[in-house]
Each structure stands twice: as C-alpha cells, then as structure tokens.
Amino acid sequence: LIAAETQALLRDSVAAEPVGERPLKGFAEPQLLYRPVAGGTAGTTGQGHPPFVARKAALQRIAQSKVPSLIIGPAGIGKTALARHLAALAESAVIIGADGLNARASYQPFARWIAQTCGRSLPDYADLSTHFPDLDADATGALALVLGLPEGQRLLIEKSNLALSGFIEASLWAAIKSRHSSGLLVVEDLHWLDAASFGVLVHIIQNADPQQLGILMTSREDTKIGRYLGRLPVTTVPLDPLTNDEARE
C-alpha cells in the first residue's frame, strides 16, 4: 500500500486504487491509502498527465540539431522529464538507462534493455533467439555473453580482448537496430555509464543514421563525458533552473 502523498507524486505513471483510511502506527489520525494495480498503465486512475511546460529554448535546440543531443544539468533539474517528453512525442522510442547501483558492471544498461525486450529478468539463449531473430549466431552469442549466459563463453576463446570488445559493440548496435530502426534512442544518466557501455554508445553515435534514428542523452556534469564524447559530433543542451513564471505554470 502507498500513502496519498506518494500516489500524487507518481503523477499517474502507476495505476492505483483507493482502499480507504487505515490506522497506522506513528500517526495520530487514520491515513488514506492506495493499492498499486498490477499491470496498470498510465491514465487508468483518471488523473491524466499534466502538460509539459517551459524548456522552449532547449526543445528548439534539440529539434534543430542534426547530430545527437546531450542534455546536461544537475540532479533534479528536469533532464529525465525533458527526455521522456520527447520520447513520448517520437514515432517510436527506446530508453536505455544506467543506474548508480550497477555503475561498475560492464554493459549493465544494455543487459537490462535486453532483459526488458525479452520480457524476463533472467532471459535464456532461447529468449534471445526468439526476440532477436535477425541476428546471426555469433551476434546472439555476444548478447548471451553480455548477460553472462554459458552460450556466449565460446567468444572468450575465439576472439582477442580488443576484437571481442568491438564485436560486442557491433552486436548490441545490431540488436537495437533490429528492434528500433527508426524513431528516438534515449540513453539516460551517462555519469553512471561504465567504460564498456560508453564504447557501445560511441559505436552507435558513429554508425547511426541521424535521418533514421535520433539520439538523445542525459547526464550530470562529469569528466567522463569529455573523455568519451569530446571528439564526437554532439549538441550539448545545458538546463538551467526554471524561472519563477515557469515554475508557477
């Protein structure tokens, strides 16, 4: 169960049904509680999403860019809100995000995306073959290696470390293209991206056709950004705090 304050903060991204007031330890008065609905989708509670406001300059800069865009700003400034707004407007979108808990795990954001695509937290090799039918056996083996499956271990013997790294990057890019050949690719929280995942991102930026697949990234200020992306064609879009009028709106 969740409190009414939490239900309001979810902004209808998770469906929830009221279960009435309940007495809770530590509270003098009964508390209004909600129960999240399994499988519920946005909008089912009837509140709807508020309109996206402000960020007109940032939106214009991204729209006019002919190369990938990188939204930069401190935590809580609205990077994710802006990225998700643009993803919702795109014909199709795929969102790949890093997280601080697994920042040192190689290919972690892409491994999570593979699992989400397969619809299972722990996919097996058969899942990979089913959900990525356009990949050849070696590329499917690379995905298996990223997930830590035994079917991918043969690549450790067959390829040198340098060749294997490039092959995994190409295979992950091929997997993304097989599922999302057009639309928008969003890569969030680059400040938590591991070195191997940065290699994949660089490979994607160098090989993607911007006319087919737009690339939007978000990050806090971090020295890794310049180290990995400094020489690539990227439009940097810094976010400032909202003005008072924008905040009121």
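The values are calculated or read from the model by the stated rules, or taken from the named source; none is laboratory data. Values in this document were obtained by computation on a predicted structure and should not be read as measured data. Neighbour counts are summed over all protein chains in view; Cβ atoms, including those assigned to glycine, are modelled from backbone coordinates with ideal geometry. In case anyone asks, the SASA skips ligands and DNA or RNA and just uses the protein heavy atoms, side chains included. Shrake-Rupley method; radii C 1.70, N 1.55, O 1.52, S 1.80 Å.
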message: in a loop (DSSP other than H, G, I, E, B) and modelled with pLDDT of 85 or more: which single residue out of 26, 43, 20 fits that description?
response: 26
- prompt: In segment 159-182, which residues are in contact (Cβ under 8 Å) with a residue 40 or more places away in the chain and not in a helix (DSSP H, G or I)?
  reply: 180, 182
message: Quick check on segment 189-212. Is at least one of its residues modelled with pLDDT of 95 or more, in a strand (DSSP E or B) and open to solvent by less than 60 Å² (accessible area, probe 1.4 Å)?
response: no
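Would you please name the residue that is least open to solvent (accessible area, probe 1.4 Å), looking only at residues in segment 99-152 that are in a loop (DSSP other than H, G, I, E, B) and aromatic (Phe, Trp, Tyr)?
Filtering first and then ranking leaves 132.
Does segment 161-179 contain any residue that is of a type outside the set (Asp, Glu), within 13 Å of residue 68 (Cα to Cα), in contact with a helix residue (DSSP H, G or I) (Cβ under 8 Å, 6 or more places away or on another chain) and surrounded by 15 or more Cβ atoms within 10 Å (Cβ to Cβ)? Please lay out each step first, then the result.
First, the residues of segment 161-179 that are of a type outside the set (Asp, Glu): 161-168, 170-179.
Pick out the ones that are also within 13 Å of residue 68 (Cα to Cα) and you get none.
So far as segment 161-179 goes, no, none of its residues is of a type outside the set (Asp, Glu), within 13 Å of residue 68 (Cα to Cα), in contact with a helix residue (DSSP H, G or I) (Cβ under 8 Å, 6 or more places away or on another chain) and surrounded by 15 or more Cβ atoms within 10 Å (Cβ to Cβ).
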task: Restrict the check to segment 80-97 and report whether at least one residue is closer than 21 Å to residue 208 by Cα, surrounded by 14 or more Cβ atoms within 10 Å (Cβ to Cβ), polar (S, T, N, Q) and touching a residue at least 12 places away in the same chain (Cβ under 8 Å).
output: no
Filter result (part of a strand (DSSP E or B), touching a residue at least 40 places away in the same chain (Cβ under 8 Å) and of a type in the set (A, V, I, L, M)) within segment 213-249: 215, 216, 217, 237
task: Search segment 118-144 for residues that are modelled with pLDDT under 95 and pair each with any residue that is surrounded by 14 or more Cβ atoms within 10 Å (Cβ to Cβ) and among the aromatic types (Phe, Trp, Tyr) when their beta-carbon atoms are under 6 Å apart and the residues are at least 6 apart or on different chains.
output: none
- line: With criteria (1) surrounded by 16 or more Cβ atoms within 10 Å (Cβ to Cβ); (2) in a helix (DSSP H, G or I); (3) under 22 Å from the mean Cα position of the chain (by Cα), residue 155 comes up short on (3)
message: Considering only segment 52-59, I want to know if a residue exists there that is modelled with pLDDT under 95, open to solvent by 60 Å² or more (accessible area, probe 1.4 Å), more than 22 Å from residue 185 (Cα to Cα) and not polar (S, T, N, Q).
response: no
